[in-house]
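To keep things clear, I will list the structure first and then write my remarks on it.
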């Protein structure tokens, strides 16, 4: 009977996104913004945009400078374009690496259980108890301020969430019959983990990855705002938002920071709407009701 | 039960040990040491070297670790290089502000979260529930920094509903009625900002717990006894559904505290989070390290306390 | 025959799946007499438990539709308000559930859970309730009622918890007990004890029992009459002896043929092909069991199956019973 045939996870995912008008629109908005930003940014020269023109500082929006200029005379709009691109790339890379670490650690802990699980969980628990943000901040001033170090620090403290969720689902999968069946057939653990368990929790993993891109963008912004972001030669959304740290600029020149804040807001909401739809695809129980 | 609580308390020891080791190692890589706090151009480098010897700074690492822990246990956290005063005094000034802020934020969080979670869980798929789900969705998605900035801009600058600088109006005399009112006014916006985002997780947990419990067998048993809806919810469902909240309390606390760094910075609020950012920026590491240690201890102990509450509250855990 | 205690008329219970309602109980008519044990038999998914929960309207009304009539003591239940129903639940109709591990509130002491129904339905004061609770615990065979009274559910074994659930169900001396797979989750030796307990209690209280089970062994031991359910319908209804000696409906015969037995000469066990189709894909026309007997010619089924009375009190749905043969058997 073909009623028992289940569609592939990818098909389900597409269907869920397509069916959910909001998620579908979010996806379109997200990619439109992103593609636009990438094309525009390709036409810009970072060092040119970052060059200071002290004579034209603090200009209001005009035909020449769509979003005005900052206190050192840089074109805010161009900074925003570059910032959006850079922030997204940073978030994507950090989120991907933390996800891979999280998947490997979480799968191992959930699948093997016992001592492995115990040690991993103790570590993850400990890392959720300690003030991670403070450690991140301290690390950023101890290590040379390069973008690689910045990404590294975020990764070191960022993998626990993913590992915890993956462990939880793979713990459930570990006892399921198909894993037992595969074990009795003599498959090696590594093979079972990555060839059998991972595909089954794939959509769940993708949801987590999407959401963690959004979270990472938020963390980057916060850190840059506090003054502990990527090197100041690299424009990011956080750098634009950090203009608001100056109360005068915040109040009188909202064009410096408000657009960046809104870009973050829109991107993060779009990512979450899409993530939610994928999540529904991953969880058959929620799909039904 | 007592055995389990004791075991849980004992786990604290390796955790605190690990925390102190991490901070000690980090401090080792930081420029400056206990003497940097005394920098004074009139003292020659030779004298400093002698003082280093006297203070034992040239002794092996493990001895210094031991000394460091001992002095901390005696309440000596070193001197702040930036403020030229003992770190304890510097932090002591800011502590009450952060405690007040966190306390008010926590109260707001639960005041918002519990009714919302209960309404959403009980009147599932009704309009109220839909609205609450959308709210939690936003609250989880939006980064604290963006939300805080928008709030400051909208309610602080544009509408002028709340003061947005500092912890109290500096023109008012300490201790007067107006002084306390001003202090409260300064707390509302930052605390509400944190609470509005912080509630989302709790609302979601509460909602799904209520739904899970509603569909569980024991609730059917209770309904089959002929229990009125009020008793089904108040006596049975809410009690079981609130357990995970207790378990998550420690985590919520850590979350709240790490939020204070960003919030205090945006509101120029003279608390510990702001102090931490300032001391890192000013390379005042003795203060920064003490703050990390404090936050770390609060996190570790807070989690332990919620685990112990859980052991007391949920009889099922006790059998294991 | 004695009086009818409970009458189900055209009972239909539908669950919402992806926005549409599908009937899990699809037009059931059934009488339960006073002082009898009626067994409701069928595979998982046949709608037995859904029927049981519908009688006192215990389904979650957010995604369940309950239609038809439930006449209990000549009073219609489905039209009652929640408050009116609460006067019947627990007091006149007691319920016993399948999984004693999850049927008790884990945070509340056994004594308090038993006393709860007493507070709803009796005027007993605190000491009176406690005395009654201890009495009930003793009645369901607890060795040390005073100790159990103070214990929490997780401190008891599965069998003991099921006794507590039974104590709760009989606390207000109901005239009808609905036992939904009361022994399925228990070990075999415990199963026998619980069944003995139920039978003794039934003899003592003269309450009627609707016993829901998929275990024909339990039916043979307990039931006066049996209703066999398939896909939301009753396909055969007969006195227990009659059903075992003279089963008619193909489904009943398949069920009986699938019991392993020591004195059967067959060297292979009969297996019913396939499973009960999921609700959304259930055919709503014709004989619903025909899907699982593809070797049987189409024309022996009725297009709109009706009940046929074979002997007094023995009803069969659809005409296919007349010509049904197992796969490989010769038509008689």
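The values are calculated or read from the model by the stated rules, or taken from the named source; none is laboratory data. Everything quoted here is computed from the prediction, not taken from an experiment. So basically every Cβ, Gly included, is an ideal-geometry build from the backbone, and we count neighbours across all protein chains shown.
Numbers for the structure displayed
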item	result
Residue in region B:214-221 that is more than 7 Å from every other protein chain (Cβ to nearest Cβ) and in contact with a strand residue (DSSP E or B) (Cβ under 9 Å, 6 or more places away or on another chain) present	no
Condition met for residue A:94 (surrounded by 18 or more Cβ atoms within 10 Å (Cβ to Cβ), away from every other protein chain (no Cβ under 14 Å), under 24 Å from residue B:11 (Cα atoms) and at pLDDT 90 or above)	no
Filtered residue count, region A:225-259, keeping only those that are at the interface with another protein chain (Cβ under 9 Å from one of its Cβ atoms) and either closer than 18 Å to residue A:85 by Cβ or not in a helix (DSSP H, G or I) (or both)	5
Which listed residue, of B:275, B:245, is more than 10 Å from chain C (Cβ to nearest Cβ), farther than 18 Å from residue B:113 by Cα and in a helix (DSSP H, G or I)	B:275
Residues located in region A:112-123, provided they are part of a helix (DSSP H, G or I) and over 22 Å from residue A:158 (Cβ atoms)	A:112, A:114, A:115, A:118
Every residue from region C:173-190 that is in contact (Cβ under 8 Å) with a residue 24 or more places away in the chain and out of contact with any strand residue (DSSP E or B) (no Cβ under 8 Å at 6 or more places or on another chain)	C:173, C:185, C:186, C:187, C:190
Filtered residues of region B:302-315 (kept if away from chain A (no Cβ under 11 Å) and touching a residue at least 24 places away in the same chain (Cβ under 8 Å))	B:305, B:308, B:309, B:310, B:311, B:312, B:313, B:314
Conditions (1) farther than 19 Å from residue B:114 by Cβ; (2) more than 29 Å from the chain's Cα centre (by Cα): number failed by residue B:160	(2)
So residue C:73, is it farther than 25 Å from residue C:168 by Cα, more than 14 Å from chain B (Cβ to nearest Cβ), touching a strand residue (DSSP E or B) at 6+ places or on another chain (Cβ under 8 Å) and in contact (Cβ under 8 Å) with a residue 40 or more places away in the chain	no
Matching residues in region B:225-242 - criterion: being assigned to a helix (DSSP H, G or I) and surrounded by fewer than 24 Cβ atoms within 10 Å (Cβ to Cβ)	B:229, B:230, B:231, B:232, B:233, B:234, B:235, B:238, B:239, B:240, B:241
Filter result (buried (at least 16 other Cβ atoms within 10 Å of the Cβ), under 14 Å from residue C:235 (Cα atoms) and under 26 Å from the mean Cα position of the chain (by Cα)) within region C:287-307	C:287, C:288, C:289, C:290, C:305
Candidates B:211, B:181, filtered to the one that is closer than 30 Å to residue C:165 by Cα and in a helix (DSSP H, G or I)	B:211
Options B:173, B:191, B:195; residue that is assigned to a loop (DSSP other than H, G, I, E, B), away from chain A (no Cβ under 14 Å), more than 24 Å from residue A:249 (Cβ to Cβ) and in contact with a helix residue (DSSP H, G or I) (Cβ under 8 Å, 6 or more places away or on another chain)	B:173
Per-region count, region B:64-117, residues farther than 23 Å from residue B:186 by Cβ, in a helix (DSSP H, G or I) and out of contact with any strand residue (DSSP E or B) (no Cβ under 9 Å at 6 or more places or on another chain)	16
Residues within region C:16-31 that are out of contact with any helix residue (DSSP H, G or I) (no Cβ under 9 Å at 6 or more places or on another chain) and either crowded, with 22+ Cβ neighbours inside 10 Å or assigned to a loop (DSSP other than H, G, I, E, B) (or both), tallied	1
Helices (runs of 4 or more DSSP H) enclosed by region A:1-52 - at least 1 residues per element that are at pLDDT below 80 and farther than 30 Å from residue C:276 by Cβ	A:9-19, A:46-50
Considering residues of region B:139-179 that are within 30 Å of residue B:121 (Cβ to Cβ) and without any contact (Cβ under 8 Å) to a residue 60 or more places away in the chain only, the residue surrounded by the fewest Cβ atoms within 10 Å (Cβ to Cβ)	B:150
Members of region B:278-301 found to be in a helix (DSSP H, G or I), more than 14 Å from the chain's Cα centre (by Cα), surrounded by fewer than 21 Cβ atoms within 10 Å (Cβ to Cβ) and facing chain A (nearest Cβ under 9 Å), listed by number	B:281
Selection within region C:73-96 - crowded, with 19+ Cβ neighbours inside 10 Å and within 26 Å of residue C:131 (Cβ to Cβ)	C:86, C:88, C:89, C:90, C:91, C:92, C:93, C:94, C:95, C:96
Scope region A:121-131; condition modelled with pLDDT of 90 or more and at the interface with another protein chain (Cβ under 7 Å from one of its Cβ atoms); matching residues	A:126
Residue in region C:56-64 that is surrounded by fewer than 19 Cβ atoms within 10 Å (Cβ to Cβ), at the interface with chain B (Cβ under 9 Å from one of its Cβ atoms) and closer than 20 Å to residue C:175 by Cα present	no
Search result, residues across region B:259-272 that are surrounded by fewer than 21 Cβ atoms within 10 Å (Cβ to Cβ) and either in a helix (DSSP H, G or I) or more than 10 Å from chain A (Cβ to nearest Cβ) (or both)	B:270
